[in-house]
Amino acid sequence: MPKQTFFNLPAEKRENFLNIALAEFAENDFQSASISRIVATAGIAKGSFYQYFENKEDLYRYLLALGAQEKAALFKASPPDPALSVFDYLRQLMRAGVTFELNNPLLSQIGYRAVKTDSLPPEFLAQARAGSHAFFAELVAQAKNQGSIDTAVDEDLAAFVFSTLFTELGRYMMGRLVDDEEPGDGRSPLNSPAAEILVGQLLHILEFGMGQKEQS
């Protein structure tokens with residue numbers, strides 16, 4: 001995390017530095033991103049960078065955390081609607097994710113690159129998974145009370161299924177869609193019609209299962 005020296009900077013200077021860092025990591029993976037390019041663009045001495053952050057990894061982790069915080073705030077602003085089934089609510093969350101990409105293209109691209117290159121820090125992944133499981137456990141409990149999930153379903157197991165699927169969904173879809181539908185404009189392939197179809201199919205499977213339907 002940033003040192004106090006960074007937070008002591010004037011707001012305009014701090015924001016300018018972050019915008020430059022965001023652009024650098026959005027355009028390059030972690031290995032290729034350059035602190036030298038960041039400080040040169042920012043017009044500061046390289047030694048100043050180390051007064052703000054321990055190293056490149058420290059800055060990278062901070063940018064990932066910013067993305068997670070922004071997305072969490074967006075989702076918190078879209079709480080479950082009692083009138084919606086859990087599956088319709090998940091569709092709503094997916095649309096909120098697209099909104100996040102449109103409003104935060106650089107943060108989205110950094111997260112996209114991190115998942116694509118499998119460069120997320122282990123503790124960051126562990127924290128994200130724990131938060132995801134807790135979120136879905138609460139959601140499943142609400143859905144059972146609402147009647148959109150069978151009351152016989154084990155809540156912890158259902159939360160595990162939801163959390164695992166949605167944690168790995170981005171990685172799966174990027175592997176499946178990236179060759180055919182790389183947007184080429186900084187967006188991830190998750191923000192595409194093909195991705196929307198896949199999400200719809202996943203939610204259909206979760207709601208109705210994969211068993212062959214009997215012919216009436």
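Numerical summary
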{"item": "Residues of the range 41-53 classified as surrounded by 13 or more Cβ atoms within 10 Å (Cβ to Cβ) and either hydrophobic (A, V, I, L, M, F, W, C) or under 17 Å from Phe7 (Cα atoms) (or both), total", "result": "8"}
{"item": "Inter-residue pairs, beta-carbon under 7 Å, first at negative phi and among the polar types (S, T, N, Q) and in the range 28-47, second at pLDDT 95 or above and crowded, with 16+ Cβ neighbours inside 10 Å, 6+ apart", "result": "Ser34/Glu24; Thr41/Ile20"}
{"item": "Of all residues making up the range 70-83, the number that are without any contact (Cβ under 8 Å) to a residue 60 or more places away in the chain and either touching a Ser or Thr at 6+ places or on another chain (Cβ under 9 Å) or over 14 Å from Phe136 (Cα atoms) (or both)", "result": "8"}
{"item": "Selection count where residues are outside any helix (DSSP H, G or I) and in contact (Cβ under 8 Å) with a residue 60 or more places away in the chain, scope the range 84-98", "result": "1"}
{"item": "Candidate set: the range 64-89, residues that are under 27 Å from Glu123 (Cβ atoms) and aliphatic (A, V, I, L, M); chosen: the one farthest from the chain's Cα centre (by Cα)", "result": "Ala77"}
{"item": "Residues located in the range 21-51, provided they are within 13 Å of Ile110 (Cα to Cα) and in contact with a Ser or Thr (Cβ under 6 Å, 6 or more places away or on another chain)", "result": "Asp29, Phe30"}
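The values are calculated or read from the model by the stated rules, or taken from the named source; none is laboratory data. Worth saying up front: this structure is predicted, and the values here are computed from it rather than measured. Positions of Cβ are backbone-derived with ideal geometry, glycine not excepted, and every protein chain shown enters the neighbour counts.
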